[in-house]
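The values are calculated or read from the model by the stated rules, or taken from the named source; none is laboratory data. The structure displayed is predicted, hence computed values, not measured ones. Positions of Cβ are backbone-derived with ideal geometry, glycine not excepted, and every protein chain shown enters the neighbour counts. Protein only, heavy atoms only, side chains kept; ligands, DNA and RNA dropped before computing areas. Shrake-Rupley method; radii C 1.70, N 1.55, O 1.52, S 1.80 Å.
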Amino acid sequence: MEKLSLATPNLELVPPCAADAEALTAACQDPQIQRWVPIPVPYTLTDGLEYATTGCDAAWAEGHAAIWTIRLGDEMAGNVGLHRIGQGAADLGFWMVPEFRGRGIITEACRAVLDYGFAPDPEGLGLKRIGWNAYAGNHGSARVAQRLGFRFEGISRLAAVGRDGLEDDWGAGLLATDDRTEQPWPALHGPAGPQSG
């Protein structure tokens, strides 16, 4: 799959590159990202460089993931991607740099990624379904998925491997044919989390 960039009225979504390694490494020192995103801890500059180059390059080239940095002007505000692409489906994942949370940036970025994922070939990937999962308790990520129109599909008990062992996993899905208006998720209530998923 060829790398490509996406744009929204306020953001640019650009595939990671070596120049992003320092910003990625700095962002991944955030305790909330370390809690909710399966990254190495401690997260070193070597990790950031490997992710921004070898890891993301291979994901794009092999067609199993499309990953972007979220840029607001000259600053990297976060990361978003479609993962496990195959058989007409993929999973949405995202996280935000702490100082950019709560400003609607991740919702805008994810909408662009969903548009690309569902758009027919050659404008997009022609996906039929995009899934979302997060460790149970990640209310920030859940609120983003809810705003994007994802339908909550349930809790898989001890189905996710967390840093300290198995954790419950929240799951939701969005079909290409779904209305993308905000959905009620009555099963999930709690304080805002880090907007990562």
Simple SL model, points at 7 angstrom along Cα→Cβ for T53 and R180; separation in nm is 3.5 nm
So what are the ³J(HN,Hα) numbers for the stretch 27-44, from phi and the Karplus equation (6.51, -1.76, 1.60; θ = phi - 60°), rounded to whole Hz, Gly and Pro as x?
-> 4, 7, 7, 5, x, 5, 5, 5, 6, 9, 10, x, 10, x, 9, x, 9, 9
Which of A90, A112, A77 moves the most in a Gaussian network model of the chain with Cα springs under 10 Å?
-> A112
Mean separation of Cα pairs under 8 Å and 6+ residues apart, divided by the residue count of the stretch 16-122: what relative contact order is that in percent?
-> 19 percent
Roughly how much of M1 is accessible, in Å² to the nearest 10, using a 1.4 Å probe?
-> 70 Å²
Quick one: pull the percent of accessible area on the chain belonging to carbon and sulfur, 1.4 Å probe, ligands and nucleic acids left out.
-> 53 percent
The stretch 65-197: relative contact order in percent, alpha carbon pairs under 8 Å with at least 6 residues between = 24 percent
Hull volume per residue for the stretch 47-195, using the convex hull of the C-alpha atoms, in Å³ is 133 Å³
The answer for trypsin sites (Lys or Arg not before Pro) in the stretch 60-108 that fall in a DSSP coil and have at most 16 neighbouring Cβ atoms within 10 Å is R103
Relative counts (whole %) of C-alpha pair distances in the stretch 1-131, using bins that are 5 Å wide | 2, 11, 21, 24, 21, 14, 6, 1, 0
Helix-derived [θ] at 222 nm for the chain: sum -39500 (n - 2.57) over DSSP H runs of at least 4, divide by residue count, nearest 500?
-> -6500 deg cm²/dmol
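Taking every pair of alpha-carbon atoms in the stretch 11-74, give the share separated by more than 13 Å as a whole percent.
Across the stretch 11-74, Cα pairs with separations above 13 Å total 64 percent.
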Would you mind pulling out the separation of the Cα centroids of the stretch 1-40 and the stretch 88-110, in Å?
-> 10 Å
Neighbourhood net charge (14 Å Cβ-Cβ; Lys/Arg +1, Asp/Glu -1) for L6 | -2
Residue-normalised accessible area of the chain, given per residue in Å² at a 1.4 Å probe = 48 Å²
